[in-house]
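Let me begin by presenting the structure, written as structure tokens, before commenting on it.
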Amino acid sequence: MMLIKRYIPLAIVFVFGIMTLATYYIPPKLAQDYYLETMNKWINIVAAFAFLLALLSLFYSHYNKIKRKVDGWGYSIFVYIGFLVVVVCAIKSEGQLMTGPALTSLGWIFRFLYNTLSASMFAVLAYYIVSTAFRSFRIKTLQAFVLFMAALFFIIGKVPLGNVLWNKLFFWTNVSISQVTDWIINVPSVAAKRGIMIGIAVGAIVTSLKIIFGIERQYMGKD
Amino acid sequence: MKNFFDKLLKLDRRILFLLVVFVIVFPIFKPLKLPGIKITDAVKGVYNTIESLPENSVILVSFDFDPASKPELYPMAVAVLRHAFKKNLKVIGMTLWATGPGIADEIITMTAREYKKEYGKDYLYFGYQVGGYAVITGMGTDIYKIFSKDAKKGSPLETFPVMQGIKSLKNFAYVIDFGAGDPGIDTWIAYGADKFGFKLGAGCTAVNEAPTRPYLQTKQLTGLIPAMKGASEYEILIKAPDKASAGMDAIGLGHFLILFLVILANVVLIVQKYLLT
């Protein structure tokens, strides 16, 4: 049992981890033609199974909610209804959203249900941002003040109205607001982002090596 | 006075919501046409690259976003495709997002029709392929092994004239990614442009502008169109004002409303703390 649950997965990770790493150091043609192409196919196959697994997991989770009649279990029914309707329409439309200029049933669902609902969900954020900014953004510390000033210059510089106002009020400075925002985004912002990116990259390298050499095993679960 | 300030700080959120509705809806019905949009070098980078391509060059456009990011990325994608078709470039579209095919199909089909382009000859739509970075690395070696058929007709790719001379990503004159997350611009840079060496441009959402800027400085991107502001600049460059230009009024007023409310709340707090005690 240990062989199947532990040693074989560890061996797979070690072999393919080392081989993928090696592709950066051996002639690209050799690596691409023989190794990367085969790996890409395998990644696609594994990803397709992951989709299937996620679907089964989703169905199972909502089945349990309905069975136990937990709060809001009625919504879980719509998961099945929505899935069925989309699958039936997708099969009927042969996966196409349009036939010529006309929308298929799948296209109709995408444009008038998914599109609108998804955009509405995101748009609702605007209301909460305004409400939260008014109620919670208190400039009590130096950090909050710096954050506010950066936002202030950025907003003024990024919208046409801000440009107009700046040119009317601060023309005597001989500095355009776009110069100020460009400096903010190209110097302190990029510097901070670079630091974060380098940190993430170093962390990712360390974690990857730990996974390849079997030191980090949490991805295999608790057993 | 103190009561008034207390009430102001505890303003019913529904009033704030109504203010948001007003500043966003008003300019849509009555455009203010505010001046002040300046063309930035980042946006010019994409425009100039497309402008420099000879006629009939083939470009690849990856629409890596879903309807949630549509208001920001749709206008710039439309503007770039209009520019490409106007220049008689051949366009191939694709997406790495499972929720992206509908938008990608819509944009490429709509803009191609505007310029009376023929499917298969002037433009093609690969569709969606699962795998993210694996799709990009695969396309870097052999596109036909990743997308064997197109998404609209289901015909083998090699049967389309637009695919003549195209085998891998290196054969595209320019690749543009409109990305809202992962897989997106980072993926195209790390697994595509840096690895296989092709010219890459990008369009991103406002929140992704700062994280994407370093790639512009290092010239890993030839240009960057950031959010609706970038899209409106591009519309000005191609002399075809559309949704982004119209939306800038609403965005401007919305941003100023937030600024006004934050300043108001903080001024009221200062007054309460130092003048009314």
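Is it the case that A:I215 is exposed (fewer than 11 other Cβ atoms within 10 Å of the Cβ) and within 12 Å of chain B (Cβ to nearest Cβ)?
Criteria not met by A:I215.
If I filter region B:1-56 down to residues being under 22 Å from the mean Cα position of the chain (by Cα) and of a type in the set (S, T, N, Q), which single residue comes out as farthest from A:L165 (Cα to Cα)?
Filtering first and then ranking leaves B:S52.
Kindly evaluate B:G127 against the criterion of being surrounded by fewer than 23 Cβ atoms within 10 Å (Cβ to Cβ), at pLDDT 90 or above and in contact with a Ser or Thr (Cβ under 8 Å, 6 or more places away or on another chain).
In short, yes.
Among the candidates B:P75, B:P54, B:P67, which residue alone is assigned by TED's automatic domain parsing to the domain that holds B:A104 and under 23 Å from B:L257 (Cβ atoms)?
Step by step, each of B:P75, B:P54, B:P67 is checked, and only B:P75 is assigned by TED's automatic domain parsing to the domain that holds B:A104 and under 23 Å from B:L257 (Cβ atoms).
Quick one: in region A:167-212, of everything that is over 27 Å from the mean Cα position of the chain (by Cα) and among the hydrophobic types (A, V, I, L, M, F, W, C), which residue is farthest from the other protein chains (Cβ to nearest Cβ)?
The residue in question is A:W172.
Run down A:A119, A:A126 and say which single residue is at negative phi, in contact with a Pro (Cβ under 6 Å, 6 or more places away or on another chain), assigned to a helix (DSSP H, G or I) and surrounded by 15 or more Cβ atoms within 10 Å (Cβ to Cβ).
After ruling out the rest, the residue left standing is A:A119.
Among (1) surrounded by 24 or more Cβ atoms within 10 Å (Cβ to Cβ); (2) over 25 Å from B:K243 (Cα atoms); (3) under 19 Å from the mean Cα position of the chain (by Cα), there is one condition B:G132 misses while meeting the rest; what is its number?
Status for B:G132: all satisfied but (1).
Given the conditions (1) at pLDDT below 95; (2) farther than 30 Å from B:L264 by Cα; (3) of a type in the set (S, T, Y), which single one is not true for A:Y63?
So A:Y63 meets the others, but not (1).
Keeping to region B:170-183, report how many residues are modelled with pLDDT under 95 and either assigned to a helix (DSSP H, G or I) or more than 20 Å from B:L96 (Cα to Cα) (or both).
Selection size over region B:170-183: 1.
Considering only residues that are farther than 14 Å from B:G252 by Cβ and in contact with a helix residue (DSSP H, G or I) (Cβ under 7 Å, 6 or more places away or on another chain), which ones fall in region B:12-40?
Residues satisfying the conditions are B:R13, B:L16, B:F17, B:L19, B:I39, B:T40.
Failed condition for B:P27, given (1) under 30 Å from A:F51 (Cβ atoms); (2) within 12 Å of chain A (Cβ to nearest Cβ); (3) buried (at least 21 other Cβ atoms within 10 Å of the Cβ), with all others met?
(1)
Of everything in region A:129-141 that's exposed (fewer than 13 other Cβ atoms within 10 Å of the Cβ) and charged (D, E, K, R), which residue is farthest from the other protein chains (Cβ to nearest Cβ)?
Selected residue: A:K140.
Could you list, in sequence order, all residues of region A:20-71 that are of a type in the set (S, T, N, Q) and more than 9 Å from chain B (Cβ to nearest Cβ)?
A:T20, A:T23, A:T38, A:S57, A:S61, A:N64
So A:I26 ticks every box in (1) under 21 Å from B:G131 (Cβ atoms); (2) surrounded by 11 or more Cβ atoms within 10 Å (Cβ to Cβ) but one. Which box is left unticked?
(1)
Can you tell me which residues in region B:30-40 are free of Cβ contacts under 8 Å to residues at least 40 places away in the same chain and either touching a strand residue (DSSP E or B) at 6+ places or on another chain (Cβ under 7 Å) or within 12 Å of chain A (Cβ to nearest Cβ) (or both)?
B:P35, B:G36
The values are calculated or read from the model by the stated rules, or taken from the named source; none is laboratory data. Worth saying up front: this structure is predicted, and the values here are computed from it rather than measured. Don't worry about glycine lacking a Cβ; one is built from the backbone with ideal geometry, like all the others, and counts go over all protein chains shown.
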